[in-house]
(Lines give C-alpha, C1' and ligand atoms only; values in the text may rest on other atoms or scores of the structure.)
Protein backbone atom coordinates (compact mmCIF):
# COMPACT_ATOMS: atom_id res chain seq x y z
CA UNK A 1 0.00 0.00 0.00
CA UNK A 2 2.79 2.44 0.88
CA UNK A 3 4.64 1.84 -2.39
CA UNK A 4 1.43 2.42 -4.37
CA UNK A 5 0.92 5.74 -2.59
CA UNK A 6 4.49 6.82 -3.38
CA UNK A 7 4.20 5.64 -6.98
CA UNK A 8 1.15 7.91 -7.38
CA UNK A 9 2.99 10.86 -5.86
CA UNK A 10 6.02 10.24 -8.11
CA UNK A 11 3.77 10.05 -11.19
CA UNK A 12 2.34 13.45 -10.23
CA UNK A 13 5.82 14.94 -9.75
CA UNK A 14 6.97 13.58 -13.13
CA UNK A 15 3.85 15.00 -14.81
CA UNK A 16 4.37 18.40 -13.21
CA UNK A 17 8.05 18.39 -14.17
CA UNK A 18 7.28 17.54 -17.80
CA UNK A 19 4.63 20.27 -17.91
CA UNK A 20 6.99 22.91 -16.49
CA UNK A 21 9.78 21.75 -18.83
CA UNK A 22 7.44 22.04 -21.84
CA UNK A 23 6.47 25.58 -20.80
CA UNK A 24 10.14 26.50 -20.41
CA UNK A 25 10.91 25.14 -23.88
CA UNK A 26 8.03 27.16 -25.36
CA UNK A 27 9.28 30.34 -23.70
CA UNK A 28 12.79 29.74 -24.98
CA UNK A 29 11.71 29.21 -28.57
CA UNK A 30 14.09 30.82 -31.13
CA UNK A 31 11.67 33.60 -32.08
CA UNK A 32 11.45 34.66 -28.40
CA UNK A 33 15.10 34.11 -27.44
CA UNK A 34 17.10 37.04 -26.15
CA UNK A 35 20.79 37.36 -26.82
CA UNK A 36 21.58 38.84 -23.38
CA UNK A 37 19.62 39.20 -20.15
CA UNK A 38 18.22 42.65 -19.44
CA UNK A 39 20.41 44.95 -17.33
CA UNK A 40 20.02 44.42 -13.60
CA UNK A 41 18.72 40.87 -14.02
CA UNK A 42 20.30 38.57 -11.41
CA UNK A 43 20.71 35.82 -14.05
CA UNK A 44 23.32 38.01 -15.74
CA UNK A 45 25.66 37.45 -12.80
CA UNK A 46 24.56 34.06 -11.41
CA UNK A 47 22.76 32.32 -14.29
CA UNK A 48 25.88 30.47 -15.44
CA UNK A 49 26.28 28.62 -12.13
CA UNK A 50 23.53 26.05 -12.87
CA UNK A 51 23.20 24.67 -16.37
CA UNK A 52 21.95 21.78 -18.50
CA UNK A 53 24.15 18.76 -19.23
CA UNK A 54 25.71 19.03 -15.77
CA UNK A 55 27.29 16.08 -13.95
CA UNK A 56 27.97 16.31 -10.21
CA UNK A 57 29.41 14.12 -7.46
CA UNK A 58 28.19 14.34 -3.85
CA UNK A 59 30.15 13.53 -0.69
CA UNK A 60 28.06 13.85 2.47
CA UNK A 61 27.46 13.07 6.10
CA UNK A 62 24.14 11.40 6.85
CA UNK A 63 21.88 10.86 9.83
CA UNK A 64 18.89 8.53 10.05
CA UNK A 65 15.97 9.05 12.42
CA UNK A 66 13.91 6.11 13.70
CA UNK A 67 15.34 3.40 11.43
CA UNK A 68 14.62 -0.27 12.20
CA UNK A 69 17.06 -3.18 12.35
CA UNK A 70 17.12 -6.70 13.77
CA UNK A 71 19.20 -7.57 16.80
CA UNK A 72 19.40 -11.33 17.46
CA UNK A 73 16.09 -11.87 15.65
CA UNK A 74 14.20 -9.11 17.48
CA UNK A 75 13.30 -5.84 15.81
CA UNK A 76 14.83 -2.75 17.42
CA UNK A 77 14.64 0.97 16.67
CA UNK A 78 17.57 3.33 16.28
CA UNK A 79 16.55 6.83 17.25
CA UNK A 80 19.46 8.69 15.67
CA UNK A 81 22.45 7.26 13.77
CA UNK A 82 25.25 9.02 11.89
CA UNK A 83 27.31 7.91 8.90
CA UNK A 84 28.37 8.98 5.43
CA UNK A 85 27.78 8.41 1.76
CA UNK A 86 28.28 9.47 -1.83
CA UNK A 87 26.17 10.09 -4.90
CA UNK A 88 26.15 11.19 -8.52
CA UNK A 89 23.66 13.45 -10.33
CA UNK A 90 23.10 14.38 -13.96
CA UNK A 91 20.95 17.35 -14.99
CA UNK A 92 19.36 16.94 -18.41
CA UNK A 93 18.11 20.54 -18.30
CA UNK A 94 18.86 23.36 -15.95
CA UNK A 95 15.95 22.28 -13.75
CA UNK A 96 15.45 18.52 -14.27
CA UNK A 97 17.95 15.87 -13.18
CA UNK A 98 18.36 12.28 -12.10
CA UNK A 99 20.56 11.06 -9.30
CA UNK A 100 21.66 8.07 -7.31
CA UNK A 101 23.27 7.79 -3.90
CA UNK A 102 24.27 5.34 -1.21
CA UNK A 103 24.96 5.72 2.47
CA UNK A 104 25.97 3.70 5.50
CA UNK A 105 25.52 4.29 9.21
CA UNK A 106 27.02 0.93 10.30
CA UNK A 107 30.47 0.94 8.69
CA UNK A 108 31.59 -1.98 10.85
CA UNK A 109 28.85 -4.23 9.43
CA UNK A 110 28.46 -3.18 5.79
CA UNK A 111 29.81 -0.69 3.28
CA UNK A 112 26.32 0.20 1.96
CA UNK A 113 23.20 0.36 4.15
CA UNK A 114 20.79 1.92 1.65
CA UNK A 115 20.90 3.04 -1.97
CA UNK A 116 18.34 5.20 -3.79
CA UNK A 117 17.66 6.65 -7.24
CA UNK A 118 15.81 9.95 -7.56
CA UNK A 119 14.22 12.38 -9.94
CA UNK A 120 15.38 15.90 -8.98
CA UNK A 121 13.76 19.23 -9.78
CA UNK A 122 15.77 22.35 -8.80
CA UNK A 123 14.87 26.03 -8.81
CA UNK A 124 18.06 28.13 -9.36
CA UNK A 125 17.78 31.56 -7.76
CA UNK A 126 20.13 34.51 -7.54
CA UNK A 127 23.23 34.54 -5.33
CA UNK A 128 24.02 30.90 -6.19
CA UNK A 129 21.08 29.41 -4.24
CA UNK A 130 19.05 26.53 -5.67
CA UNK A 131 16.26 24.93 -3.62
CA UNK A 132 15.32 21.47 -4.92
CA UNK A 133 12.81 18.70 -4.42
CA UNK A 134 13.38 15.04 -5.21
CA UNK A 135 11.73 11.64 -4.99
CA UNK A 136 12.40 8.07 -5.93
CA UNK A 137 12.98 4.56 -4.64
CA UNK A 138 15.78 2.27 -3.59
CA UNK A 139 16.79 -0.69 -1.48
CA UNK A 140 17.88 -1.10 2.15
CA UNK A 141 20.50 -3.82 2.68
CA UNK A 142 21.41 -3.35 6.34
CA UNK A 143 19.29 -4.83 9.13
CA UNK A 144 16.18 -5.53 7.06
CA UNK A 145 16.39 -6.21 3.32
CA UNK A 146 13.56 -4.17 1.85
CA UNK A 147 12.43 -1.71 -0.80
CA UNK A 148 12.20 1.92 0.30
CA UNK A 149 10.73 4.93 -1.46
CA UNK A 150 10.00 8.54 -0.73
CA UNK A 151 11.04 12.08 -1.30
CA UNK A 152 12.31 15.26 0.23
CA UNK A 153 13.64 18.77 -0.24
CA UNK A 154 16.97 20.52 0.03
CA UNK A 155 19.02 23.61 -0.61
CA UNK A 156 22.24 23.97 -2.60
CA UNK A 157 24.58 26.95 -2.37
CA UNK A 158 27.03 27.19 -5.28
CA UNK A 159 30.07 28.97 -3.91
CA UNK A 160 32.14 28.64 -7.10
CA UNK A 161 31.26 27.42 -10.62
CA UNK A 162 32.21 23.82 -9.75
CA UNK A 163 31.81 23.67 -5.95
CA UNK A 164 28.67 23.72 -3.78
CA UNK A 165 27.53 22.86 -0.30
CA UNK A 166 24.11 21.30 0.23
CA UNK A 167 21.71 20.09 2.89
CA UNK A 168 18.54 18.06 2.43
CA UNK A 169 16.06 15.83 4.24
CA UNK A 170 13.92 12.97 3.01
CA UNK A 171 11.15 10.70 4.23
CA UNK A 172 11.55 7.03 3.32
CA UNK A 173 8.54 4.70 3.34
CA UNK A 174 9.66 1.13 4.03
CA UNK A 175 7.89 -2.05 2.92
CA UNK A 176 8.67 -4.32 5.91
CA UNK A 177 9.35 -1.88 8.75
CA UNK A 178 8.21 1.52 9.90
CA UNK A 179 9.05 4.58 7.82
CA UNK A 180 12.07 6.72 8.74
CA UNK A 181 13.81 10.00 7.99
CA UNK A 182 17.22 10.70 6.48
CA UNK A 183 19.17 13.97 6.56
CA UNK A 184 22.27 14.76 4.48
CA UNK A 185 24.79 17.60 4.45
CA UNK A 186 27.89 17.76 2.29
CA UNK A 187 29.74 19.08 -0.73
CA UNK A 188 28.87 18.81 -4.42
CA UNK A 189 31.48 18.91 -7.20
CA UNK A 190 30.02 19.85 -10.59
CA UNK A 191 31.46 19.25 -14.05
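The values are calculated or read from the model by the stated rules, or taken from the named source; none is laboratory data. What you see is a predicted model, and the numbers here were worked out from it, not measured in a lab. Because the Cβ atoms are built from the backbone with ideal geometry, glycine has one as well, and the counts that use them run over all protein chains shown.
Name the residue, out of 188, 178, that is assigned to a loop (DSSP other than H, G, I, E, B) and either more than 11 Å from the chain's Cα centre (by Cα) or surrounded by fewer than 18 Cβ atoms within 10 Å (Cβ to Cβ) (or both). Going through 188, 178 in turn, the sole match is 178. On the basis of being more than 12 Å from the chain's Cα centre (by Cα), assigned to a strand (DSSP E or B), closer than 18 Å to residue 188 by Cα and at pLDDT 90 or above, does residue 159 make the cut? Judged against the criteria, residue 159 is a match. Kindly evaluate residue 184 against the criterion of being touching a residue at least 60 places away in the same chain (Cβ under 8 Å) and in contact with a helix residue (DSSP H, G or I) (Cβ under 6 Å, 6 or more places away or on another chain). Against the criterion (touching a residue at least 60 places away in the same chain (Cβ under 8 Å) and in contact with a helix residue (DSSP H, G or I) (Cβ under 6 Å, 6 or more places away or on another chain)), residue 184 does not qualify.
Looking across 99, 136, one residue alone is touching a strand residue (DSSP E or B) at 6+ places or on another chain (Cβ under 7 Å), over 14 Å from residue 188 (Cα atoms) and either surrounded by fewer than 21 Cβ atoms within 10 Å (Cβ to Cβ) or modelled with pLDDT of 95 or more (or both). It is 136.
Just to be sure before I move on: is residue 87 at pLDDT 95 or above, part of a strand (DSSP E or B) and surrounded by fewer than 17 Cβ atoms within 10 Å (Cβ to Cβ) in the structure I sent? Taking the combined requirement at face value, the residue does not satisfy it.
Residues in segment 113-128 that are surrounded by fewer than 19 Cβ atoms within 10 Å (Cβ to Cβ) and within 14 Å of residue 58 (Cβ to Cβ): how many? Looking only at that region, the number is 2.
Please verify whether residue 131 is at pLDDT 80 or above, surrounded by 13 or more Cβ atoms within 10 Å (Cβ to Cβ) and outside any strand (DSSP E or B), treating the condition exactly as stated. Even if it seems obvious, please write down each step before you answer.
Working: at pLDDT 80 or above: yes; surrounded by 13 or more Cβ atoms within 10 Å (Cβ to Cβ): yes; outside any strand (DSSP E or B): no.
Judged against the criteria, residue 131 is not a match.
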